[in-house]
Amino acid sequence: MKGNNMNNVKIENHGVIPKEEEQATPEELYGRLIDKIKHYHPSADELHMIEKAYNFAKNFHGDQKRKSGEPYIIHPLCVAIILADLEMDKETIIAGMLHDVVEDTSVTIEEIREIFGDEIAYLVDGVTKLKRIPTSTKEELQNENLRKMFLSMASDIRVIVIKLVDRLHN
């Protein structure tokens, strides 16, 4: 960890979103996301798909708020920014942006597949499934989470990366 300022926590050079950035507007955070992506992967096609995912998530999350009172879209944007800090591919960043849309809105995995394709739908579905199995004790929950993560890792490690970043930001 660099520095002693707990409001601006960094892990190596792959930053956790600084607390002051979480006070930024969704548009400001989206601009930072695009800047980070342009830094390591400047393809115009990728930026178009990321913009499409941002607008889709923002539209469907609408007026939803987090417990803190901030607009819900801030969370998926921050997840996408952390994934961009890790220089993940566009599909992973898009899935990170969309990871809560299926769970928290009326959007279905089939709609994600139709709009964003099979690969992104697969990633979003994998992250969503990591949350679904009910358990009765904390130990069972931890064991089940580990089991689900190992199964996901066997098929696509990006599902785990998105889930870990989601938990890091929450």
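No lab work stands behind these numbers, since they all come straight from the coordinates. Keep in mind that this is a model prediction, so the values were computed, not measured. All Cβ positions, even for glycine, are placed from backbone atoms using ideal geometry, and neighbour counts span all protein chains on display.
Pairs exceeding 23 Å between alpha-carbon atoms, taken from Lys38/Lys67; Lys67/Lys90; Lys52/Lys163; Lys52/Lys90: Lys38/Lys67; Lys67/Lys90. The packing ranking of peptides 104-116, 84-96, 58-70, highest mean first, is 84-96, 104-116, 58-70, where packing means the average number of other beta carbon atoms within 10 angstrom of each residue. Once the C-beta distance of Glu51 and Glu139 is scaled by a Förster radius of 41 Å, the resulting FRET efficiency is 0.45 to the nearest 0.05.
Kindly rank 72-78, 49-55 from highest to lowest mean number of other beta carbons found within 10 Å of each residue. Walk me through the numbers on the way to the answer.
Values: 72-78: 24.0, 49-55: 17.9.
Result, highest mean first: 72-78, 49-55.
Ile34 to Lys129: FRET efficiency via 1/(1 + (r/R0)^6), r the Cβ-Cβ distance, R0 30 Å, to the nearest 0.05? Provide the component values of the computation, followed by the final result.
Values: r = 29 Å, r/R0 = 0.98.
Result of the calculation: an efficiency of 0.55.
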